[in-house]
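I have placed the structure first, in the form of structure tokens, so that the comments after it can refer back to it.
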Amino acid sequence: MPYDVVDVDEARALAQDPLSFLHVSRPEIDLPSGTDPHADRVYRAAAERYDALKRDAPFTRDEPSIYLYRLQSGDHTQTGVAACYSLDDYDHGIIKKHERTRPDKEDDRTRHILELRAQTGPVFLTYRPAAAVNEAVEHLSAEPPLVDFEAPDGVRHSIWRVPTPSGAAIVRAFSCVPSLYIADGHHRAASAARARQALGAESDAAASFLAVAFPADQVRILPYNRIVKDLGGRAPEEVLRDVTRRFGISVGSPLPYRKGEVSMYLAGRWYAINLASSSAVAGSVIDSLDCNILQDRLLGPVLDIGDIRTDARVGLVGGARGPEELERMVNGGQAAVAFSLYPVSMAELMMVSDAGLMMPPKSTWFEPKLRDGLLVHEI
């Protein structure tokens, strides 16, 4: 699974199998508890584990190829084109971003790439649907897959190797796609670009990065929900009165029904907050995002939450865990209040990227996730 969706304790529990790729992507799990995850020995351990997996696991070294990668979760299916994508296109804004990256996370993945001389986890890209690409993908994915398994979380992963002539046809079909958008994996892409700078002309392979591109009409965005650990010394009734003065509010359900509505779980009850009733004046597409209005009009002024990336009082919960996780955290005392958001749309994400803007932090959660280690781009 992706290295950054589990903490170190969860990674240790999941990596009981010595062939688990978490030993490569989260090598600190094999070192004493409390080891600095950015210590030199951690990256050396990653390289050692990678070499061991290449020896002991059924890895296959292939000629440069294009692959298809299908994710199935319940009744949801998405099929993307896995390949090495140009870092020149990334640098020149043809592959577009919507998220700011953190230097410490860039440092970590850049060091990981340089130590292994490999990109082991794909970036998740998306694009506006193109009939020519879809037709080529549908035709090729009708064949038996090269890799096909269901993970413990119920997600089925299927991979096809595309024959060379068909791969050339897919490349031609992508000529009608003007832009690609990073959905998930901004730090991986930025780290690949930094690794290329570090290697200079040492390797042509460093000029591209491993990614899977899915058509936007197949991609599923879930909300990135918020919890706040305490009410800043205020009673729940006082917070509820303050929120009611600022917004239209009523008894609600755990899931908001539409954009402009947020569900709040406080003192054992769900409330529906009508964000559209606030006095906020929309300007750019950023100003109209629910997560931005929630931050500016409620989390900041009512609960004194500043930057959600650094404020220790706020927590972020991926939408895949559902509102039940929010209830559990509040009822169990891990949080005082929780907010369940309506997901950002792909149209909004692309509008933000096209305008050269950045989404508010932690505003999208893409599900299902691509797995590390199924495809590796060696440098």
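The values are calculated or read from the model by the stated rules, or taken from the named source; none is laboratory data. Computed from a predicted model, the values in this text were never measured in an experiment. Cβ: placed from backbone, ideal geometry, glycine included. Neighbour counts: every protein chain shown.
So the values come out like this:
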read-out: Met351 vs. criteria out of contact with any Phe, Trp or Tyr (no Cβ under 8 Å at 6 or more places or on another chain), surrounded by 14 or more Cβ atoms within 10 Å (Cβ to Cβ) and not assigned by TED's automatic domain parsing to the domain that holds Val228; value: yes
read-out: Residue count, region 55-80 (criterion: closer than 15 Å to Gly154 by Cβ and of a type in the set (Asp, Glu)); value: 1
read-out: Test: residue in region 79-89 that is of a type outside the set (D, E, K, R), in a helix (DSSP H, G or I) and closer than 25 Å to Arg309 by Cα; value: no
read-out: Among the candidates Ala15, Ala46, residue that is touching a residue at least 40 places away in the same chain (Cβ under 8 Å), hydrophobic (A, V, I, L, M, F, W, C) and surrounded by 15 or more Cβ atoms within 10 Å (Cβ to Cβ); value: Ala46
read-out: Candidates Asp108, Asp104, Asp75, filtered to the one that is over 30 Å from Arg41 (Cα atoms) and in the same structural domain as His187 (by TED's automatic domain parsing); value: Asp75
read-out: Region 154-177 - residue that is touching a residue at least 40 places away in the same chain (Cβ under 8 Å) and either assigned to a loop (DSSP other than H, G, I, E, B) or among the aromatic types (Phe, Trp, Tyr) (or both) and, of those, surrounded by the most Cβ atoms within 10 Å (Cβ to Cβ); value: Trp160
read-out: Residue pairs meeting the criteria (Cβ under 7 Å; at least 6 apart or on separate chains; first within 18 Å of Leu341 (Cβ to Cβ) and in the same structural domain as Gly300 (by TED's automatic domain parsing), in region 236-257; second modelled with pLDDT under 95 and among the small types (Gly, Ala, Ser)); value: Arg246/Ser278; Phe247/Ser277; Phe247/Ser278; Gly248/Ser277
read-out: Odd one out for Asp89, checked against (1) surrounded by 13 or more Cβ atoms within 10 Å (Cβ to Cβ); (2) not assigned by TED's automatic domain parsing to the domain that holds Glu143; value: (2)
read-out: Matching option when the condition is in contact with a helix residue (DSSP H, G or I) (Cβ under 6 Å, 6 or more places away or on another chain) and over 30 Å from Asp217 (Cβ atoms), among Ala136, Ala45, Ala52; value: Ala45
read-out: Positions within region 344-360 being closer than 19 Å to Lys259 by Cβ and either free of Cβ contacts under 8 Å to residues at least 12 places away in the same chain or assigned to a loop (DSSP other than H, G, I, E, B) (or both), in sequence order; value: Val344, Ser345, Ala347, Ala355, Leu357, Met359, Pro360
read-out: Counted residues, region 90-117 - those being closer than 27 Å to Arg70 by Cβ and assigned to a helix (DSSP H, G or I); value: 5
